[in-house]
Amino acid sequence: MALSHYEIYAKVKDVLVDALGVDDDEVTPTASLRGDLGAESIDFLDITFRLEKAFSTDPANPFKIPRGELFPESLDAGLVQDNKLTDAGLAEVKRRLPHADLSELTENRDVALVPNLFAVQDIVDYLERKFGENASC
């Protein structure tokens, strides 16, 4: 059974409220996980596990998010020069984060922006792509 955009968003919201201890009204589509919701590095792993559990409806075929796919863990040092992403670094971030808004990063290439790219809607978009064309918006 395909999940609607609203159903995916509602489950993501529940996961984030539980994982981060934030109020329901703080979890909006544009809220950034770090800046607005206070997520730390360890929280990203917890969120991933909780999402897998929330979206696993068939015990024989559990839903899995490959490590580093939703929240890439690090960038190779060769992709950064003077704390700025190189052309190859920017291409790698785009490849690894196709669901994120990279407009500010593209403009100034500041590597410190990468952890702040994750917003609630990015998780929803990622999950919709994961579930394929059957997820209705």
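Brief remarks follow.
- Top of Ala60, Ala88, Ala19 by mean-square fluctuation, Gaussian network on the chain, Cα under 10 Å: Ala60
- Solvent-free Debye scattering, log10 I(q)/I(0), computed from the Cα coordinates of region 73-116 at q = 0.24, 0.34 Å⁻¹: -0.78, -1.61
- Helix 5-20 vs. the chain, principal-axis angle (Cα, 0 to 90°, nearest 10): 70
- Normalised contact order of region 73-116, rounded percent, pairs of Cα under 8 Å and 6 or more residues apart: 38
- The base-10 log of I(q)/I(0) for the chain, evaluated at q = 0.11, 0.14, 0.20, 0.22 Å⁻¹, reads -0.41, -0.66, -1.23, -1.39 [Debye formula, identical scatterers on Cα atoms, solvent excluded].
- Centre-to-centre separation between the Cα atoms of region 107-129 and those of region 14-60: 14 Å.
- Over the chain: helical MRE at 222 nm, DSSP H runs n ≥ 4 each giving -39500 (n - 2.57), nearest 500: -13000 deg cm²/dmol
- In a simple Cβ point-charge model (Lys, Arg +1; Asp, Glu -1; nothing else charged), the chain has a dipole of about 500 debye relative to its Cα centre.
- Between Pro72, Pro59, Pro98, the GNM of the chain built on Cα springs shorter than 10 angstrom shows Pro59 fluctuating the most.
- Gain in span if fully extended, Phe63 to Thr28, counting 0.36 nm per residue against the direct Cα distance: 10.2 nm
- Among Glu26, Glu104, Glu52, the residue with the largest mean-square fluctuation in a Gaussian network model of the chain, with springs joining Cα atoms closer than 10 Å, is Glu104.
Taken together, the values in this text are just the output of simple stated rules run on the coordinates, not laboratory data. Please read all numbers here as calculations on a predicted model, not as lab measurements. For neighbour counting, all protein chains shown are included, and Cβ atoms are generated from backbone atoms with ideal geometry for every residue, glycine included.
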